[in-house]
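Notes follow once the structure below has been shown.
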Amino acid sequence: MVEAVLIDLFSLPANLQNIQGLLRNMLETIDKCSSIPAPFVYVMCYQNQGSDKDSEQESLLPPLRDFQNLKKKLEVVCGLTAAGALYTIKQRLDEKDLSVIKVILPPLRKDLMKVYIDHLFTAVYQFEFEDLQVASDCENLQISEPQSEGQRLPTQDVALIQREIQMYLQSLPSLKGELTILRSFLIPDEIFLHGFTTRTGGISYIPTLSSCNLFSSSKRRDPQVVVKENLRRLASVAGFNPEAFHRVKIDHANAVCIMGKTEPDSYDGIVTDQKGVTIAAPGADCIPVLFADPVRKVCGAAHSGWKGTLLGVSMATVNAMVSEYGCNVKDILVVLGPSVGPCCYKLPHESAKEFYRIDPKCVRLIDSACPYIDIRKATRILLESGGILPENIQDDSVIDQSQNITFCTACHPDKFYSHFRDGTNFGTQMGFISIKD
């Protein structure tokens, strides 16, 4: 069922009499034939350079005034660029959690619009298209089978749209304050560039993703272009090249990628001795773990959730540094980033028993149906068992709490994302590290 209707008049002068007539006819059809009471309607139009939005909207008011049923659910959105107007409409859709959208537009703009939609939306949304013409019956508001037309725009036109979107997103103000990076006292700044991100300083606006979300998926509403802009802002503040950036491909297991060798399809650890290449591991409760060997000048990153912890992903990353680059395990420094703490994290009893076998101190209330789990302590125990020196591990056990960066993500909604706390549409922070040139 259509939840919203987008009428694209962006390429047409709003003051043309015939456009006003077409708009009136479309609104009449929507008003009378919708199978739901007054769907949300957005009219997208061009804002002339030098004019204000109110004057542009005023020229479209005559055909809009008479639709009382739609009045509270109808909005004219003007923009200097199609990217700006469409992104504003996306914000309105997300505020209302709407996902099924009918787009009514001139036939010649259909391929253009599909490119904008492919970049600014994710698979969460469903779109159907209808040519801009007088609707004749109620079937026009039913969802049709998805179209399978191929991309017909010339490559240079697609590139222009991509550039327009990029420039628009770069112009947006940062949300929730300045971009903040947490750094460890353990990793030497003269050799390594590193840090752990927080949730501030990006442009993601959906509450559970706001604002510096660094991961996009088909199940979330933040598109890849927004995540890329957040990463660009992070790179600018941190001082690394976003074009030489490699994030682990999460599988919640213990495979490790060696930079420069064949990349596995999925892996939760990554190591390198290449200068100027930034490697990273995401986390939104799972632990982003950073590794640094200042003697051999090698670094690594790993994503360690409860499954990866049990499978030994952190020691697998250490072992890769030793076997591939000749690191001495006693030289390797390990830092555990923000992650869900033992104060909040629970697992079913059967899974909790696996942590109890590592050490009873990793589990609290073992006899309960869902005991509390300390995946950080389990990670430390496994690392120390593998030869990492206790003093070379930084986690929440630091004596001076002013130096602590292993905060509980679930306990600090103002600073961090948390899957455990926020549900399926959660944001993601990460830990990153590189060897300085």
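The values are calculated or read from the model by the stated rules, or taken from the named source; none is laboratory data. Computed from a predicted structure; not experimentally measured. Cβ: placed from backbone, ideal geometry, glycine included. Neighbour counts: every protein chain shown. When the accessible area is computed, the model is the full protein with side chains, heavy atoms only, and any ligands, DNA or RNA have been set aside. Shrake-Rupley method; radii C 1.70, N 1.55, O 1.52, S 1.80 Å.
Sort out which residues of the range 85-104 are in a helix (DSSP H, G or I) and either open to solvent by 10 Å² or more (accessible area, probe 1.4 Å) or hydroxyl-bearing (Ser, Thr, Tyr) (or both), and write them in order of number.
Matches in the range 85-104: Tyr87, Thr88, Gln91, Arg92, Asp94, Glu95.
Search the range 30-58 for residues being β-branched (Val, Ile, Thr) and surrounded by 19 or more Cβ atoms within 10 Å (Cβ to Cβ), and hand back the single one that is modelled with the lowest pLDDT.
By that ranking, first place goes to Ile30.
If you go through the range 315-340, how many residues are open to solvent by less than 10 Å² (accessible area, probe 1.4 Å), farther than 19 Å from Phe192 by Cα and either in a helix (DSSP H, G or I) or not hydrophobic (A, V, I, L, M, F, W, C) (or both)?
Count: 2.
Residue by residue through the range 341-379, note down the ones that are closer than 28 Å to Ser184 by Cα, part of a helix (DSSP H, G or I) and touching a helix residue (DSSP H, G or I) at 6+ places or on another chain (Cβ under 8 Å).
Those that are closer than 28 Å to Ser184 by Cα, part of a helix (DSSP H, G or I) and touching a helix residue (DSSP H, G or I) at 6+ places or on another chain (Cβ under 8 Å): Phe355, Ile358, Lys361, Cys362, Ile375, Lys377, Ala378, Thr379.
In this structure, does Val248 turn out to be modelled with pLDDT of 95 or more, under 14 Å from the mean Cα position of the chain (by Cα) and among the aliphatic types (A, V, I, L, M)?
Judged against the criteria, Val248 is not a match.
How many of the residues making up the range 177-199 are under 18 Å from Pro413 (Cα atoms) and either among the polar types (S, T, N, Q) or open to solvent by 50 Å² or more (accessible area, probe 1.4 Å) (or both)?
Within the range 177-199, the first condition is being under 18 Å from Pro413 (Cα atoms), and the residues that meet it are 177-182, 196-199.
Among the residues that remain, those that are also either among the polar types (S, T, N, Q) or open to solvent by 50 Å² or more (accessible area, probe 1.4 Å) (or both) are: 178, 180, 197-198.
Residues that pass the stated criteria total 4.
Give me the residue from the range 60-72 that is buried (at least 17 other Cβ atoms within 10 Å of the Cβ) and outside any loop (DSSP other than H, G, I, E, B) and, out of that set, modelled with the lowest pLDDT.
Filtering the range 60-72 for residues buried (at least 17 other Cβ atoms within 10 Å of the Cβ) gives 60, 63-64, 67, 70.
Narrowing the set further to residues that are outside any loop (DSSP other than H, G, I, E, B) leaves 63-64.
On the way: Pro63: 64, Leu64: 71.
Across the range 60-72, the extreme among qualifying residues is Pro63.
Six or more apart or on different chains, Cβ atoms under 7 Å: show the pairs whose first residue is in the range 287-310 and in contact (Cβ under 8 Å) with a residue 40 or more places away in the chain and more than 16 Å from Ile388 (Cα to Cα) and whose second is of a type in the set (S, T, N, Q) and open to solvent by less than 40 Å² (accessible area, probe 1.4 Å).
Between residues of the range 287-310 that are in contact (Cβ under 8 Å) with a residue 40 or more places away in the chain and more than 16 Å from Ile388 (Cα to Cα) and residues that are of a type in the set (S, T, N, Q) and open to solvent by less than 40 Å² (accessible area, probe 1.4 Å), the close pairs are Ile287/Ser304; Ile287/Ser339; Ile287/Thr379; Ser304/Ser314; Ser304/Thr379; Trp306/Ser351.
The rows are residues; the columns are (1) part of a strand (DSSP E or B); (2) without any contact (Cβ under 8 Å) to a residue 24 or more places away in the chain; (3) surrounded by 16 or more Cβ atoms within 10 Å (Cβ to Cβ).
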{"site": "Thr208", "(1), (2), (3)": "no, no, yes"}
{"site": "Arg233", "(1), (2), (3)": "no, no, yes"}
{"site": "Ser236", "(1), (2), (3)": "no, yes, no"}
{"site": "Phe240", "(1), (2), (3)": "no, no, yes"}
{"site": "His246", "(1), (2), (3)": "yes, no, yes"}
{"site": "Thr262", "(1), (2), (3)": "no, yes, no"}
{"site": "Asp265", "(1), (2), (3)": "no, yes, no"}
{"site": "Ile279", "(1), (2), (3)": "yes, no, yes"}
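Quick one: is Ser204 modelled with pLDDT of 95 or more, in contact with a helix residue (DSSP H, G or I) (Cβ under 8 Å, 6 or more places away or on another chain), assigned to a loop (DSSP other than H, G, I, E, B) and open to solvent by 50 Å² or more (accessible area, probe 1.4 Å)? Spell out the reasoning first.
Values: modelled with pLDDT of 95 or more: yes; in contact with a helix residue (DSSP H, G or I) (Cβ under 8 Å, 6 or more places away or on another chain): yes; assigned to a loop (DSSP other than H, G, I, E, B): yes; open to solvent by 50 Å² or more (accessible area, probe 1.4 Å): no.
When the stated conditions are applied, Ser204 does not pass them.
Criterion first (within 28 Å of Gln394 (Cα to Cα), of a type outside the set (Val, Ile, Thr) and part of a strand (DSSP E or B)) does His252 satisfy it?
Answer is no for this residue.
Anything in the range 382-418 that is open to solvent by 40 Å² or more (accessible area, probe 1.4 Å), at pLDDT 95 or above and not in a loop (DSSP other than H, G, I, E, B)? List them, or say none.
Those that are open to solvent by 40 Å² or more (accessible area, probe 1.4 Å), at pLDDT 95 or above and not in a loop (DSSP other than H, G, I, E, B): Leu382, Glu384, Ser385, Pro390, Glu391.
Do you know which residues across the range 165-176 are loosely packed, with under 13 Cβ neighbours inside 10 Å and assigned to a loop (DSSP other than H, G, I, E, B)?
Pro173
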